[in-house]
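I have placed the structure first, in the form of structure tokens, so that the comments after it can refer back to it.
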């Protein structure tokens, strides 16, 4: 299933390498040209994968745009995108940019002219059903040997011919019916396409799967947590992991999904995966408060050929705070203690920066890069955190924890500059209250974030003003070198370049270039919309170019007021009118953006009558079912439109047609037929009240959510 829309214009001939390689029996493709483009030592002409290369450094070796020339950098062209998720990091190969927006709609664009060459729509809205309740699209693509790879919300992995935009093959990342969704970028490591998925929307058991890039044939699958012992274990690693679980954990799935980061060491053919939090969050519920619960919240090394376990390092044994280890894993060679160490580096949610020996998994060092109130340090001998008493919020108690479940660093990409030796982290500081809700719990059946994390131990936001900053960090000295503070929380991914520059966009809509060594701002551009994706740099037509997508997305909407504070006026843009674009820059670029369009007026609702009881009755179901797309307090900064501006609120029938009957599934709005009329009407009244407040020019500021609720990223 899918729709191809062909554009006009010449497709670069060099993309046509589809028939140049053959497959070996283990799935590795004999395509040295493709492998060379993804190697950390590549020349930087292409940005062929998420993070550019196998080592995921988010570093460009191109140096035409440098500290001495950046003042000449200007907009070469821009391309308007639909009003949907636009946080994808593009890829660029042979002068063609590929990006996905919304529900995994993929476009190919000539980098020199900005002319769209083709568009492929996998028609996710027609088939995804409940899977659309968990998110609105993907954050990245992959490329190998003339094909572009994309995952979909409903769990498909699709190979698309880069030259024509036609699908080559389709397979599944997870079984249908699984409470899961694909949001991360696939990776291609030596001709093998690896893909994981996201969870925390129901009982789910995590895994990562490798497919042959040419045929789509499954090569191997590694489960990240053990299943039901009565059914036997898939391998020795699962039998070993089962010894670290207690009770009947398999009834909850276990979680540990591989929803974001992966890396590959070609020399040893080792694949590294980062796993998410266990499911459910609360250690006492899923595992009787006992055991480390492998391989949740872990970095796991696998044999690239077979998928067999090699080693692991668990950043949070027995995690109970949603401290994923799915943030970027960067591979590099560092001079530590007078000798070169081949390392893996990660700044996960928990606030500690880890440097591991990537051959053995040995902990080299770990120090806090953020405020960490849950643990005092990482024990160098054992590799385990030294937890602060009370951090595990005993039943009936409450613990205030920093970082929160959003993390000291989330999925926004960090970068490593081999020249400066520094890592650049899009970091943040926020704390949250954790507590265990009373009563028994079973996994929800409705594929909602709220149902998954209300459990027991979801954080109540708003305990402290959230702040964000770009942090330059020395992985050798394990200390901060410089930081730049933002007025906003959760800002964009980072690019480092050989021209001595570091690039980051922010929620306030500014793309900045910093001097890599000092943090001095040397260039900036008003993009008119939030920037959450990481910029990329590549060559086209003999020129170095810089590209970035603008517009908010993913589940950031659930934290909108927490992200920007009470003064929303500078940042609030209804997602329907928020500019969403692909911006491409080059030296001596002369293009410009059109003036900002004004915010439209809030539609009139003459039939609205205040009803405090009905409004309160609609607040919780709105938060649980709607806020991850439409925003906390109905203040939208993410994927879904800001419903305070919706004309549908005034019409019960029109509202029911969308919410109950799925009239807008093709555009990404899932149907909720199970919501009975009184509850649906309470939600509608809550939204009407929020719109009335806005019409009255009352502050649309943060409304504290009920205790125990959390959305998810």
Going residue by residue through region 283-295, is there one that turns out to be in a loop (DSSP other than H, G, I, E, B), within 19 Å of the chain's Cα centre (by Cα) and buried (at least 24 other Cβ atoms within 10 Å of the Cβ)? no
Matching residues in region 141-179 - criterion: being on the phi > 0 side of the Ramachandran plot and in the same structural domain as residue 47 (by TED's automatic domain parsing): 145, 146, 155, 165
Would you check if there is a residue in region 428-445 being closer than 14 Å to residue 486 by Cβ, at pLDDT 90 or above and surrounded by 24 or more Cβ atoms within 10 Å (Cβ to Cβ)? yes
The one condition in (1) modelled with pLDDT of 95 or more; (2) surrounded by fewer than 24 Cβ atoms within 10 Å (Cβ to Cβ); (3) in a loop (DSSP other than H, G, I, E, B) that residue 219 fails to fulfil: (3)
Of the residues 337, 361, which single one is modelled with pLDDT under 95 and surrounded by fewer than 23 Cβ atoms within 10 Å (Cβ to Cβ)? 337
Filtered residues of region 570-599 (kept if in a loop (DSSP other than H, G, I, E, B), modelled with pLDDT of 95 or more and surrounded by 13 or more Cβ atoms within 10 Å (Cβ to Cβ)): 589, 593
Determine whether region 679-701 contains at least one residue that is assigned to a loop (DSSP other than H, G, I, E, B), at pLDDT below 95 and either within 15 Å of residue 630 (Cβ to Cβ) or touching a helix residue (DSSP H, G or I) at 6+ places or on another chain (Cβ under 7 Å) (or both). yes
Out of 375, 347, sole residue that is surrounded by fewer than 24 Cβ atoms within 10 Å (Cβ to Cβ), within 12 Å of residue 403 (Cβ to Cβ) and touching a residue at least 12 places away in the same chain (Cβ under 8 Å): 375
The lone condition residue 497 fails out of (1) surrounded by fewer than 22 Cβ atoms within 10 Å (Cβ to Cβ); (2) over 21 Å from the mean Cα position of the chain (by Cα); (3) modelled with pLDDT of 95 or more is (1)
All-but-one check, residue 241 against (1) within 17 Å of residue 291 (Cβ to Cβ); (2) under 26 Å from the mean Cα position of the chain (by Cα), failing number (2)
So residue 367 fits all but one of (1) in contact (Cβ under 8 Å) with a residue 60 or more places away in the chain; (2) crowded, with 24+ Cβ neighbours inside 10 Å; (3) within 20 Å of residue 415 (Cα to Cα); what number is the exception? (2)
Residue count, region 530-554 (criterion: buried (at least 24 other Cβ atoms within 10 Å of the Cβ) and over 16 Å from residue 63 (Cβ atoms)): 13
Please note which strands (runs of 3 or more DSSP E) are completely contained in region 64-154 and include at least 1 residues that are in contact with a strand residue (DSSP E or B) (Cβ under 7 Å, 6 or more places away or on another chain) and closer than 17 Å to residue 183 by Cα. 91-93, 96-101, 105-110, 116-121, 142-144, 147-151
Residue 451: passes all of (1) surrounded by fewer than 24 Cβ atoms within 10 Å (Cβ to Cβ); (2) modelled with pLDDT of 95 or more; (3) not in a loop (DSSP other than H, G, I, E, B) but (2)
With respect to residue 276, is the statement that it is surrounded by fewer than 24 Cβ atoms within 10 Å (Cβ to Cβ), outside any strand (DSSP E or B) and touching a residue at least 12 places away in the same chain (Cβ under 8 Å) true? no
All-but-one check, residue 178 against (1) closer than 28 Å to residue 413 by Cα; (2) in contact (Cβ under 8 Å) with a residue 60 or more places away in the chain, failing number (2)
Take residue 227 and decide whether it is within 26 Å of residue 442 (Cα to Cα), surrounded by fewer than 24 Cβ atoms within 10 Å (Cβ to Cβ) and touching a helix residue (DSSP H, G or I) at 6+ places or on another chain (Cβ under 7 Å). yes
Number of the condition not met by residue 469 [criteria: (1) surrounded by fewer than 23 Cβ atoms within 10 Å (Cβ to Cβ); (2) modelled with pLDDT of 80 or more; (3) part of a loop (DSSP other than H, G, I, E, B); (4) touching a strand residue (DSSP E or B) at 6+ places or on another chain (Cβ under 7 Å)]: (3)
Can you find a residue in region 111-124 that is outside the structural domain of residue 641 (by TED's automatic domain parsing), at pLDDT below 95 and crowded, with 21+ Cβ neighbours inside 10 Å? yes
Selected residue (only one of 179, 163, 203, 185 is under 18 Å from residue 273 (Cβ atoms) and in a loop (DSSP other than H, G, I, E, B)): 185
Output the residues belonging to region 334-373 that are assigned to a loop (DSSP other than H, G, I, E, B), within 24 Å of the chain's Cα centre (by Cα) and under 24 Å from residue 489 (Cβ atoms). 347, 348, 349, 350, 351, 369, 370, 371, 372
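The values are calculated or read from the model by the stated rules, or taken from the named source; none is laboratory data. Model, not experiment: these values are computed from the prediction. Positions of Cβ are generated from backbone atoms using ideal geometry, with glycine treated the same way; all protein chains shown enter the neighbour counts.
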